[in-house]
Amino acid sequence: MKAEVGWPGINASCACSIVRASCLAATTKPSSEIMPINAFMSVLLGEQQIILDSSSEVVHIVYMGERPEGSFSVSSVHHSMLEEILGSSSSAKDSIVYSYGRSFNGFAAKLSDDEVARLSEMEGVVSVFPNTKLKLHTTRSWDFLGFTQPNYGAYPEGDVIVGLLDTGVWPESKSFDDEGFGPPPSKWKGACKAKNFTCNNKLIGARFYNSDNEYDVSDIKSPRDTEGHGSHTASTVAGREVEGVSFFGLANGTARGGVPNARIAVYKVCWAYGCALADILAGFDDAIADGVDIISVSLGADSPLEYFEDPIAIGAFHAMKKGILTSNSAGNSGPFPRSVSNYSPWTLTVAASTIDRKFETRVALGNGQSFSGPTINSFVLNGTSYPLIWGGDAPNVSAGFDSEISTFCFGHTLNSLKTEGKIIYCEGLTDGAGVILAKGLGTIMSDIVDDLAFAFPLPAAYISIEDGQKVLDYIKTSDNPIATILVSETPKDAMAPRVVSFSSRGPNPVTYDILKPDITAPGVDILAAWSPLSSPSGSPLDTRVTNYNIISGTSMSCPHASGAAAYVKAAHPNWSPAAIKSALMTTATLMDPNKNLDKEFAYGSGQINPVKAVNPGLVFDAKEADYVDFLCKQGYSTSTLRLVTGDFSVCKGTAPGKAWSLNYPSFSLSVPDGEQIMGTFTRTVTNVGSANSTYYASAYMPSPVGVKVVPPVLRFKAVGEKKSFTIMVYGPKIVQQPVISGLIMWNDGSHLVRTPIVVFTVLPSIRASSLTNPFPSRKRHFEGSSIHHKNRILGRN
């Protein structure tokens with residue numbers, strides 16, 4: 001997705017470069033547009049604000065909870081509410097944007113601040129919040145998970161429908177071909193609402209939403225994907241097998257999704273400018289009513305929101321009520337603590353980790369030295385060496401730049417008379433646009449080396465700062481420096497899986513007692529379907545066209561988990577969302593904490609294992625009533641929860657407190673600095689394995705923490721039988737303690753049911769939501785979770 005405020009080259013990995021060059025404000029975007037110094041600094045510090053008069057009208061979402069029973073029109077109720085506030089029927093008609101009523105109750109309307117205040121006080125209103133924007137958070141990956149061809153297709157995947165809220169889809173992609181598919185299952189109530197867009201028995205539904213009626217020149221007013229993101233996520237979940245797929249010859253193989261025989265329905269809620277909250281809720285409203293089984297959402301907020309001011313949490317809650325699991329991305333704001341998004345307990349939150357294939361590009365210098373780094377380079381120079389120049393030796397003086405600026409190779413900072421036809425060495429990571437504008441042939445960039453690779457619109461290599469210094473030394477000591485850039489290789493990554501640095505970390509920023517993320521899945525250098533209308537590198541100067549692309553992000557890991565959830569749903573169509581989630585978490589492959597210092601705050605329960613998830617032995621189930629009790633303990637009132645649930649839910653005198661009794665398949669204990677380790681958790685497991693089985697508990701927790709499980713043995717006589725147990729976590733007083741992690745395992749000889757335990761310190765008397773990402777954006781918006789180098793901006797998901 002295009003960033004709302006974009007800046008090629010200013011990113012997390014070159015933050016040190018920003019400190020070294022305060023005059024970067026004078027640099028340019030790939031176009032001729034110049035960002036003023038004050039605007040640049042405001043963006044950098046997260047202080048850019050738009051001041052609106054209180055009488056101006058902007059779209060707000062009015063959330064009213066569960067859809068009331070009965071055959072009356074909820075839209076007429078919404079119209080009446082607006083008419084009362086605005087004073088006339090015509091004003092109400094002009095104001096309303098969406099009326100949500102298929103799956104839950106609410107509407108979106110253009111309102112002034114005064115009208116918002118009056119609506120907030122009306123009976124039946126749960127929350128009112130502005131329609132801000134969220135942005136968007138393979139061949140080898142499924143095999144890496146052990147989910148090979150003999151495993152998928154073993155269950156009736158064709159009965160499973162996966163709904164994706166994203167940028168739409170490219171329907172002509174071979175990944176969405178319906179050859180051999182019969183008609184959609186009878187439960188399907190959706191539609192294909194589009195012009196010049198054809199659905200089929202694989203891609204069975206398509207809708208689009210644009211509440212602001214704002215379109216970029218690149219946007220198409222249909223579910224057709226012009227960004228690439230939605231096609232990528234949809235094909236990762238459920239794309240057909242397509243042989244001979246590659247990215248311009250790289251990573252050649254057979255592309256497929258996790259459940260290639262499942263159906264797909266797309267809900268286009270994201271455009272070039274982002275993803276509007278009102279559109280996200282509209283997508284949920286339709287997806288739930290259309291009859292999808294799994295909802296995959298690779299979007300998220302960049303700062304914590306209350307549960308019923310977050311459209312994804314709201315939509316996912318109502319999906320859960322209808323038996324639909326929502327799988328969503330954890331965000332791309334790592335490795336900062338408390339940066340995880342989509343943290344509601346009724347959703348599956350997915351971190352991103354590596355697979356055992358990586359992309360490396362080698363640079364060969366004229367003196368025989370060579371260096372390599374993580375880059376996706378498909379451009380062929382045939383080993384031919386070209387003149388090599390340092391960007392600092394070619395400043396565009398006439399445009400007002402000196403070598404301290406031109407060394408970064410931003411747009412229009414280079415003198416093309418010196419750089420034309422040459423490979424340019426640049427200090428810092430950019431999208432390569434500045435080199436193209438300076439007529440350069442290729443670029444070598446140095447910075448802090450990331451654990452993922454980027455594609456660029458020209459021959460490029462990305463190397464470490466140390467290796468970059470050697471390149472610069474060669475340039476300065478040679479009379480005729482030359483170099484070449486080789487096509488990328490794909491060596492095996494022996495360190496995989498490990499959580500990638502950008503993946504957002506826990507603990508949960510709103511509720512410490514719920515461990516987030518829940519799980520991790522492949523999200524680095526994933527090859528999947530793409531829109532031929534979107535640049536493969538994210539640069540507007542990249543004119544290449546591809547039907548499959550390699551990108552990274554928790555946007556890519558989320559559909560892997562969604563595909564695994566759909567596989568479990570196909571095997572167990574009557575399981576609840578919580579049961580499916582539990583199966584994925586308790587059977588996850590253990591991650592190595594030595595490779596992931598944030599431990600469970602990075603990877604949750606571990607890496608998904610779809611094959612084992614269909615036979616977990618025991619599940620931690622939860623229903624709507626369990627989540628209502630959780631919300632009571634979070635401080636929500638009975639009156640609010642009655643609106644949300646649509647029934648007579650009562651908090652039964654429950655005072656706000658710990659969520660240790662929620663039947664969650666993990667355990668999270670926050671300890672205020674200086675206090676003793678002490679927590680008691682209650683859980684209930686349901687037998688979904690053998691009828692007559694006995695499970696024995698074992699616990700591991702490093703010193704000084706102790707764990708006791710009561711009872712230590714659970715005996716079952718029937719499938720579906722439930723048994724409860726308590727765990728007590730105890731220890732001495734601790735201060736400023738990094739996360740201590742352990743686990744509890746239940747073993748019957750055939751099944752190993754594993755749940756993680758984390759203990760960590762927090763500041764006394766401070767709510768989780770007050771401790772967030774140390775570099776937050778001041779503007780609340782939702783982000784898609786894919787990583788292009790053009791999106792490498794501090795605070796971006």
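The values are calculated or read from the model by the stated rules, or taken from the named source; none is laboratory data. For clarity, every value in this text was computed on a predicted model and none was experimentally measured. As a convention, Cβ positions derive from the backbone with ideal geometry for all residues, glycine included, and neighbour counts pool all protein chains shown. These accessible areas exclude ligands, DNA and RNA; they are computed on the full protein's heavy atoms, side chains included. Shrake-Rupley method; radii C 1.70, N 1.55, O 1.52, S 1.80 Å.
Quick one: with all protein chains in place, what share of the accessible area of the range 146-284 is carbon or sulfur, to the nearest percent (1.4 Å probe)? Here carbon and sulfur together make up 46 percent of the probe-accessible area. Placing +1 on the Cβ of every Lys and Arg and -1 on the Cβ of every Asp and Glu, with no other charges, gives the chain a dipole of roughly 1680 debye about its Cα centre.
Entry comment: accessible area of the range 591-635 is 34 Å² per residue, from protein heavy atoms only and a probe of 1.4 Å.
Dividing the alpha-carbon radius of gyration of the range 515-643 by the rule-of-thumb value 2.2 N^0.38 Å gives 1.36. On the accessible surface of the range 398-446, probed at 1.4 Å, how many percent belong to carbon and sulfur atoms? Within the range 398-446, the accessible surface is 46 percent carbon and sulfur. By accessible area, using a 1.4 Å probe on protein heavy atoms only, the range 569-715 has 53% of its surface on carbon and sulfur.
Across all directions, the average projected area of the convex hull around the alpha carbons of the range 685-760 is 5.1 nm². Accessible area per residue for the range 414-547 is 30 Å², calculated with a 1.4 Å probe on protein heavy atoms, without ligands, DNA or RNA. Note on the chain: Rg/Rh from C-alpha atoms, Kirkwood Rh, equals 0.97.
Rolling a 1.4 Å probe over the heavy atoms of the protein chains gives the range 192-279 an accessible area of 31 Å² per residue. For the residue pairs LYS187/LYS569; LYS516/LYS658; LYS581/LYS717; LYS633/LYS722; LYS633/LYS658; LYS422/LYS476, the C-alpha atoms sit more than 18 angstrom apart in LYS581/LYS717; LYS633/LYS722.
Calculated on C-alpha atoms, the gyration radius of the range 413-472 divided by its Kirkwood radius gives an Rg/Rh of 0.96.
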